[in-house]
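One structure is given here, and the rest of the page talks about it.
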Amino acid sequence: MDNIRIIYRILSVLNSSMDTETFDERSLSPETLGITRARLLSLMRMLIQGGLVEGISVDVDTDGHFLVSKGRPRITLKGLDRLYPHDDYEKPKPNPLYTHGI
């Protein structure tokens, strides 16, 4: 699976988790996504640095090992915009006073 599809799945899971008070970490496990732990942490780090995800941190130490803070990952407004880039809120609404029927 390519990285863009994995990122979309991660953002989709985080969007769905907004309806729950607790976060099921298994929903974003490497096994669930069908990828390695290293790839998942690399992608999460990119999403965090890009401002699409918040609530956790993923860093790399000098030896190249991942350091993950425990927290509840959440999608940000920027993440929602990436998930739904052409939503209706971006489109200007027509003014009914200036529209003419054909």
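What follows is calculated from the coordinates using simple rules that are stated; it is not laboratory data. Computed from a prediction, not measured in an experiment: that's the story for all the values here. Neighbour counts are summed over all protein chains in view; Cβ atoms, including those assigned to glycine, are modelled from backbone coordinates with ideal geometry.
Qualifying GluC sites (Glu not before Pro) in segment 1-74, where qualification requires a DSSP coil assignment and no more than 10 other C-beta atoms within 10 Å, comprise Glu21.
A simple spin-label model places the labels of Ser57 and Glu25 1.8 nm from each other, with each point 7 Å out along Cα-to-Cβ. Net charge in the neighbourhood of Arg37 (other residues with Cβ under 14 Å of its Cβ; Lys, Arg +1, Asp, Glu -1) is +1. Electrostatic tally near Gly51: other residues with Cβ closer than 15 Å to its Cβ, Lys and Arg +1, Asp and Glu -1, net +2.
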